[in-house]
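As structure tokens, the structure follows; a few thoughts come after it.
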Amino acid sequence: MAIDTAIVARIARLARLPIPAQDAAQTAAGLSRVLDLAAQLADAPLDGVEPMAHPHAQTLAWRADAVTESDRADALLALAPDARAGLYAVPKVIG
Amino acid sequence: MASDIAQLAQALRARKISAAESTRQALAAAQARADLNAFVTLDEQAALGAAARADAALAAGDASALAGIPFVHKDIFCTKGMRTTCASRMLENFVPPYDAAVVERLAAHAAVSLGKANMDEFAMGSSNENSFFGAVKNPWDATRVPGGSSGGSAAAVAAGIVPFATGTDTGGSIRQPAAFCGITGLKPTYGRVSRYGMIAYASSLDCAGVLARSAGDCARVFAAMAGHDARDATSVDRPCDDYVGALSTTLQGIKIGVAREYFGAGVEAGVDAATREALREFEKLGATLVDVSLPYAHLAIPAYYVIAPAEASSNLARYDGVRYGHRCADPQSLEDMYARSRGEGFGAEVKRRILVGTYALSAGYYDAYYLRAQRARRVIANDFAEAFKQVDLIAGPTTPTVAFKLGEKTSDPLAMYAADVNTVAVNLAGLPAISIPAGFSENLPVGLQLIAPAFAEARLLATAHQFQLATDWHAREPSA
Amino acid sequence: MSWQPVIGLEIHAQLATASKLFSGASTAYGAEPNTQAALLDVAMPGTLPVPNRAALDKAIAFGLAIHATIARQSIFARKNYFYPDLPKGYQISQYEAPIVGNGTLCVRTDDGRTLEVVIERAHLEEDAGKSLHDAFHAATGLDFNRAGVPLLEIVSKPVLHTAQDAVAYMRAVHTLVRWLGVCDGNMAEGSFRCDANVSVRRAGADKLGTRTEIKNVNSFRFVEKAIEYEIERQIRALENGEAIVQETRLYDAAAHRTLPMRSKEDADDYRYFPDPDLPPLMVTDADIEAVRMALPELPDARRRRYVEALGLPESDAMQLCADKHVADFFEAVLAALPDQAKMCANWVLGEIAAALNAANLSIEASRVSAPALARLLARIADGTISGKIAKDVFAAMWAGEGDADAIVAARGLKQISDTGALESAVDAVIAEFPKQLAEYRAGNDKLLQFFVGQAMKGLRGQGNPQQLNALLREKLK
């Protein structure tokens, strides 16, 4: 599977992972190698097989509608790299 | 010190040793084997506090079989007030405000946690070389890897520092290091142990389990860990068996399927020989060996290395430098913050899997990669279902090779991924499996994997236990 | 050459649950920032979603009310994108298999037409947090109280052709979700929001034009204005030979125009896939029946009943059924006066509505309860007081002076039906106004009302109007 540097750039952007331009070709080659593994799936007789997302034929369990959590803003905000006035803070989002 | 739970529990109960003493011994042993780099965090104060509570429980006479037993948690389980790093720079200073279900349950049994074990970053790796805190060394040969991702857990048990450790297994991360380190590792059925508080790598595959010296000890710990938890929607609400009580079940009449695909071209001769010898032992114990085939086994690695990265790419999106974890210095903009925080916080293998997973899910590739891998998952699971119509368990070597050299496979991800060739299918199908010491090759331990149908852990553990009653591979210890 | 606008709406109705869709944090509005953000809501590593049964039941209730298909198996999927107010880096939503599919809502327009609007799907999803861009000088603040609040996204087919029809549809959905109790409908608090997809095409063309999406408009009036503006803008552009750019636009109410949102440097690619933390959502027939049993009579059915069984005019029935609380109030009054549907409707839509409006109260907070109003109306029905006097009594009741009977008694407002008293009042006015009598007898019928008025004045307004009328007609001959 040929992954070119343009695809790497698009994927890296989607994943918010910076790939320095000088590493793009090497990253592309590395990804191609891993994705070559997946190429083995292409040759397998899998058409029409129902995809399997969960290991068991399990159904979703539900909880009752009850408020079970209390305020823990102080403890949680204390973990934040930047918290002010009860809010998490990030560099200004424009627009 | 006593290296297995049964012995130590007896000594604790007889008050021949206190939990505090056994904890101090374990801490000292951990210090003495700092060379293994098996731990990310040791918390003496917390451990001694837990030991004091265990001693009180023991004195009161109502203590669990695990009371006062020292152990370590893989550093993937959230521990309230104790940093939980996932061996990543991203979470280097992350101190969770809550305990994982597994942490709660073992604490309720008064087991004494010494701290947190080293691992591959975010559980992505098969050699424990992908840790922000450095590689872990194999106690049998310090130039070799202990396996991964639960490498610190495996090394700590193999070196006799603690009788057991918790681990997680997404594609072999308990069984493969157990095999490489000559110990016993149980990966339970998906959904049998709560994932609540266990940091996610690939949620539909991740499974908490245990690494210990013997199947009996695994049963004791597993009995404490297992059970329904309403906080995990994939946790299964059905009663647990008496895993310890069932250990005495003999092998009479049991059929063990020998999966020919697990003895494929990549399997070293020494591993092949040791495994086959071990299988003869099962026969002696009354089991019947039956050849079985898992025709889609070859699709397990390709399917796994699409599905796991896809889920990981999404699971790891939360590490954005906003609410916890690493944020880059002096971000110039939101995008700069995202890019540098994630770029600095994640190691190379984690980044590789995020990119692979992002690609596999992205528009235009979803059907050919993610969806196709899900189809492969189905036929792989069906293989097992078919085989289990004929046999009670399936056996094969846990890994194709013994522990390889540090650095030997770091330059080629595919070579590294091949170490999981016999383990990943089990995760895709959500089945329980155990790796038990089955002999040696080149003076390094060989692991035998037994796979059971879903929720048949009692049979799995009993079979392994019966083998261990008849053999002493699991009792071998590396020289310090 | 004329143009046909095509409009589809995506309505986000916040489901009225106590706790969030996947965590036990409160959904109450207006709390201090981040005090209702549980571990899951800030995406603490290791936390897992566990879905709220009440949210599912409310989604099913909505589906049943629009005669939709309720999926026996539906899937929660992850929609992946980065934004600071999206804590997990993905939103749990439904993509390929929504819980509600293919329903229809009958919408009455103001001008009396009926629209059958097809609702393509309605799916469960969690809300994001709130970005406060003006919180700090060079930083955006984030409040995750909203994160994880359950939403039902209701997606219509693009079958609407005017801004007015779009708003009529939106109002009908608003009425319905409130009627069902699945959403409080509070638009100011963001509980009911709307995105509008707008395109225009040549009249008669099959193919849809390029559409734009107007995001997050939070009042009926603004939705109407925004769509109107957008239709005009697109027509103007097309007539000038320009192409419409598929984009997301925001409505600037102050300037009355839509503006493109800052274009993202990269295209969205949400990488939906089934959430591995959440196995398939299975709904059984029994689950659906349980919800169906608990459903209230739906507004359409009730409106039809008011017209057909009670004989109310369509317009009264529509007004009553625009709000379940109003309709329920009406029914409570009607229960005491089963033969007086029209009078009950008149009073609920007239005096009660006006008084509530003046006091800025909702009908649940009415100062005159339904039973109290019924007791007042009973006095009209049994002839104790006239309708006119009743209005004064109502005003006194509203002011808290007590029950209808007590006020009538205290003020001596009991209607005079005694023939002797009425006759002497009639005789007196006939004697007093000979000129008007002559004119009346010469054929000026309109003067009857003059005599009624004068006689009523003599009776201090308490004369029985029907009797008085009859008596005057007789005597004026």
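Overview of results
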{"quantity": "Count of segment B:268-287 residues which are part of a loop (DSSP other than H, G, I, E, B) and crowded, with 19+ Cβ neighbours inside 10 Å", "calculated": "1"}
{"quantity": "Unique match (being in contact with a Cys (Cβ under 8 Å, 6 or more places away or on another chain) and either within 12 Å of chain A (Cβ to nearest Cβ) or under 30 Å from residue C:53 (Cβ atoms) (or both)) among C:177, C:182", "calculated": "C:177"}
{"quantity": "Every pair of residues 6+ apart whose Cβ atoms lie under 7 Å, when the first sits in segment B:271-299 and is free of Cβ contacts under 8 Å to residues at least 24 places away in the same chain while the second is of a type outside the set (Ser, Thr, Tyr)", "calculated": "B:283/B:289"}
{"quantity": "Selection within segment B:397-429 - buried (at least 24 other Cβ atoms within 10 Å of the Cβ) and either part of a strand (DSSP E or B) or touching a Cys at 6+ places or on another chain (Cβ under 8 Å) (or both)", "calculated": "B:397, B:403, B:427"}
{"quantity": "Yes/no for residue C:204 being at pLDDT below 95 and within 23 Å of residue C:65 (Cβ to Cβ)", "calculated": "no"}
{"quantity": "Selection status of residue C:371, over 19 Å from the mean Cα position of the chain (by Cα), surrounded by fewer than 20 Cβ atoms within 10 Å (Cβ to Cβ) and part of a helix (DSSP H, G or I)", "calculated": "yes"}
{"quantity": "Index of the failed condition, residue C:380 passing every other in (1) at pLDDT below 85; (2) assigned to a helix (DSSP H, G or I); (3) of a type in the set (A, V, I, L, M)", "calculated": "(1)"}
{"quantity": "Restricting segment C:57-71 to residues that are farther than 17 Å from residue C:95 by Cβ and within 14 Å of chain A (Cβ to nearest Cβ), the residue that is surrounded by the fewest Cβ atoms within 10 Å (Cβ to Cβ)", "calculated": "C:57"}
{"quantity": "Within segment B:192-216, considering residues that are within 14 Å of chain C (Cβ to nearest Cβ) and of a type in the set (A, V, I, L, M), the one surrounded by the fewest Cβ atoms within 10 Å (Cβ to Cβ)", "calculated": "B:202"}
{"quantity": "Single residue of segment B:355-385 satisfying the filter (touching an Asp or Glu at 6+ places or on another chain (Cβ under 8 Å) and within 9 Å of chain A (Cβ to nearest Cβ)) that is nearest to residue B:447 (Cα to Cα)", "calculated": "B:378"}
{"quantity": "First in segment C:125-143 and more than 24 Å from residue C:20 (Cβ to Cβ), second anywhere and of a type in the set (A, V, I, L, M, F, W, C), Cβ under 6 Å, 6 or more apart", "calculated": "C:139/A:89"}
{"quantity": "Candidates C:279, C:313, C:296 - the one that is within 14 Å of another protein chain (Cβ to nearest Cβ) and not small (Gly, Ala, Ser)", "calculated": "C:279"}
{"quantity": "Per-region count, segment C:119-138, residues more than 13 Å from chain B (Cβ to nearest Cβ) and crowded, with 16+ Cβ neighbours inside 10 Å", "calculated": "13"}
{"quantity": "Selection from segment B:64-123 of residues that are of a type in the set (Val, Ile, Thr), more than 14 Å from the chain's Cα centre (by Cα) and closer than 21 Å to residue C:48 by Cβ", "calculated": "B:79, B:84, B:85, B:95, B:103"}
{"quantity": "Set C:48, C:40: member being more than 11 Å from chain A (Cβ to nearest Cβ) and closer than 30 Å to residue A:12 by Cα", "calculated": "C:48"}
{"quantity": "Long-range neighbours under 7 Å by Cβ, at least six apart or interchain, first residue over 19 Å from residue C:391 (Cα atoms) within segment C:450-462, second part of a helix (DSSP H, G or I) and among the small types (Gly, Ala, Ser)", "calculated": "C:455/C:425; C:458/C:425; C:458/C:428"}
{"quantity": "Residues located in segment B:386-445, provided they are free of Cβ contacts under 8 Å to residues at least 12 places away in the same chain and within 14 Å of chain A (Cβ to nearest Cβ)", "calculated": "B:411, B:412, B:414, B:415"}
{"quantity": "Any hit, segment B:172-191, residues being closer than 18 Å to residue C:49 by Cα, crowded, with 24+ Cβ neighbours inside 10 Å and either out of contact with any Asp or Glu (no Cβ under 9 Å at 6 or more places or on another chain) or not hydrophobic (A, V, I, L, M, F, W, C) (or both)", "calculated": "yes"}
{"quantity": "Subset of segment B:430-465 [assigned to a helix (DSSP H, G or I) and among the polar types (S, T, N, Q)]", "calculated": "B:463"}
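A quick yes/no check of all residues on (1) assigned to a strand (DSSP E or B); (2) modelled with pLDDT under 95:
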| residue | (1), (2) |
| --- | --- |
| C:41 | no, no |
| C:46 | no, no |
| C:50 | no, no |
| C:58 | no, no |
| C:62 | no, no |
| C:79 | yes, no |
| C:84 | no, no |
| C:101 | yes, no |
| C:106 | yes, yes |
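Here's the yes/no breakdown for (1) in contact (Cβ under 8 Å) with a residue 12 or more places away in the chain; (2) away from chain C (no Cβ under 11 Å); (3) of a type in the set (A, V, I, L, M); (4) out of contact with any helix residue (DSSP H, G or I) (no Cβ under 9 Å at 6 or more places or on another chain):
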| residue | (1), (2), (3), (4) |
| --- | --- |
| B:328 | yes, yes, no, no |
| B:334 | no, no, yes, yes |
| B:344 | yes, yes, no, no |
| B:350 | yes, yes, yes, no |
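Here is a yes/no grid of residues against (1) surrounded by 14 or more Cβ atoms within 10 Å (Cβ to Cβ); (2) in contact with a Cys (Cβ under 8 Å, 6 or more places away or on another chain); (3) at the interface with chain B (Cβ under 7 Å from one of its Cβ atoms):
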position: A:6; (1), (2), (3): no, no, no
position: A:24; (1), (2), (3): yes, no, no
position: A:31; (1), (2), (3): yes, no, yes
position: A:45; (1), (2), (3): no, no, no
position: A:48; (1), (2), (3): no, no, no
position: A:54; (1), (2), (3): yes, no, yes
position: A:60; (1), (2), (3): yes, no, yes
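The values are calculated or read from the model by the stated rules, or taken from the named source; none is laboratory data. The shown structure was predicted, so the numbers you read here are calculated from the model rather than taken from an experiment. Cβ: placed from backbone, ideal geometry, glycine included. Neighbour counts: every protein chain shown.
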